[in-house]
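**Q** Let me give you the structure first, and then I'll get to my questions.
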Amino acid sequence: MTTDIFEDVLDGKPFEKLTIRDVDLVRSALKDAISAQGEARKSRSTVSHQASQIMAFLEWLIKQDGFKRLPKDLPNYLKMPKAIYAKALASEEKAYPSIEEAKKLLLGMPSEKLADKRARAMVAIAYLGALRADTITSLRICHFDAVDKKILQDANVSRAKNGKSLKIDWFPISDSFASAIEDWIDVLASKGLSGQDALFPNLRVLQHRKDLKDPCRAPIEPMASKNAVSKAFAVACRDTAVKYTPHSVKDTIAAERDRRPLTERQRRAWSQNMGHDSEATTQRHYGTIGDEERSALFEEIATVKTSAPQVLSDEQKVALFDRILAEMTKE
């Protein structure tokens, strides 16, 4: 929601009491988000879009009955300096593991305690479905379909980005990821949880609730916070120099798509399974190539002998035209 940032920055201050300083605080929060680290970081386009939405909201607000005493130039204090967008260009490249490195992180996690098993399952399902941390903590047991190998993202009950419901096919990665989740579900079943119960409930519930095996009890609700997922990734990266965040998962899955010899339609299916409307979204925002990898790829290119020009099929020509058109429309 456009006004959510007002709630976060100003602690729910009533709109009729907004001051120029309040709006400047919101503006500063947006500026800081561009250079923030981890989950708090926002792209230039996101910050620009949010600033525009808030300005439009303020322009509407100052014309409404009960708000006409607000400063008439209040929206102007949301304008973002061009320099802040230039600063974003110089930000460090995003760090993310390859899918093989992610597997090693998962298998290296402790698995003895209840908290360990839940953390492993959280990391595993993040990669298996390219899921955001907030979505993970809002899932219920029935959303994990081990028979059809799907994860059901129901926006009516789960916290999904842009309120989007999806039937996500498990990404074709190591069985270790699915096994970690299935092992966790077995733990939940032994405690008496199933169906509509939270897939990742608060540990205190599992340890202290006495009625978990009561068939008449109400479903165990998901946690409201995503902090447990961030902590799970911290555990996975406890012995690594680079500390990966839950948000890096989508970069890993996007990069894995690029490393596979997929057809155009397969690439499109992979992107849509990530929740993206088009392949261009995946290409533009996730799995970007870092400096070291780019240098290595150029070394490979230098060793490849040139050959006769490739003759494209009609289908390949159409796909190539679509990609060129998509790039042109981004400008």
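The numbers here are math on the coordinates, done by the rules we state, and not lab data. These numbers come from a predicted model, not from an experiment. In this analysis, Cβ positions are derived from the backbone assuming ideal geometry, glycine residues included, and neighbour counts consider all displayed protein chains.
**Q** For His49 and Val242, calculate 0.36 nm times their separation in residues minus their Cα-Cα distance, and state this gained length in nm to one decimal. Please report the intermediate quantities before stating the final value.
**A** Values: separation 193, 0.36 × 193 = 69.48 nm, distance 3.07 nm.
Result: 66.4 nm gained on full extension.
**Q** Could you pull out which residues in segment 136-154 have an amide N less than 19 Å from a spot 7 Å beyond the Cα of Gln196, following the Cα-Cβ vector?
**A** Answer for this model: 138-145, 152-154.
**Q** For Trp60 and Asp186, compute 0.36 nm times the residue count separating them, minus their Cα-Cα distance, and round to one decimal in nm.
**A** Details: separation 126, 0.36 × 126 = 45.36 nm, distance 5.30 nm.
Additional length available on full extension: 40.1 nm.
**Q** Filter Lys104/Lys210; Lys79/Lys250; Lys31/Lys72; Lys104/Lys226; Lys42/Lys243 down to the pairs with a C-alpha to C-alpha distance above 26 Å, please. Write out the running numbers ahead of the final one.
**A** Values: Lys104/Lys210 37 Å; Lys79/Lys250 31 Å; Lys31/Lys72 23 Å; Lys104/Lys226 23 Å; Lys42/Lys243 18 Å.
Check vs 26 Å cut-off fails for Lys104/Lys210; Lys79/Lys250.
**Q** Along the Cα→Cβ direction, 7 angstrom out, place labels at Lys167 and Asp145. What is the inter-label distance in nm?
**A** Computed distance between label sites Lys167 and Asp145 equals 0.5 nm.
**Q** Give the residues of segment 99-123 whose amide nitrogen is closer than 14 Å to a point set 7 Å from the Cα of Gln207 in the direction of its Cβ.
**A** Counting backbone N atoms under 14 Å from the label point, the list is 113-119.
**Q** If each residue of separation counts as 0.36 nm, what is the full-extension length gain between Ser111 and Lys231 once their alpha-carbon separation is subtracted?
**A** 41.7 nm
**Q** Next up: With r defined as the distance between the Cβ atoms of Leu25 and Glu221 and R0 fixed at 45 Å, what FRET efficiency is calculated, to the nearest 0.05? Each step should come with its number before you reach the end.
**A** Working: r = 33 Å, r/R0 = 0.74.
For Leu25 and Glu221, the calculated efficiency is 0.85.
**Q** Quick one: work out Rg over Rh on the C-alpha atoms of segment 99-248, Rh as Kirkwood radius. Present the calculation step by step, with values, prior to reporting the outcome.
**A** Numbers: Rg = 14.6 Å, Rh = 15.5 Å.
For segment 99-248, the value is 0.94.
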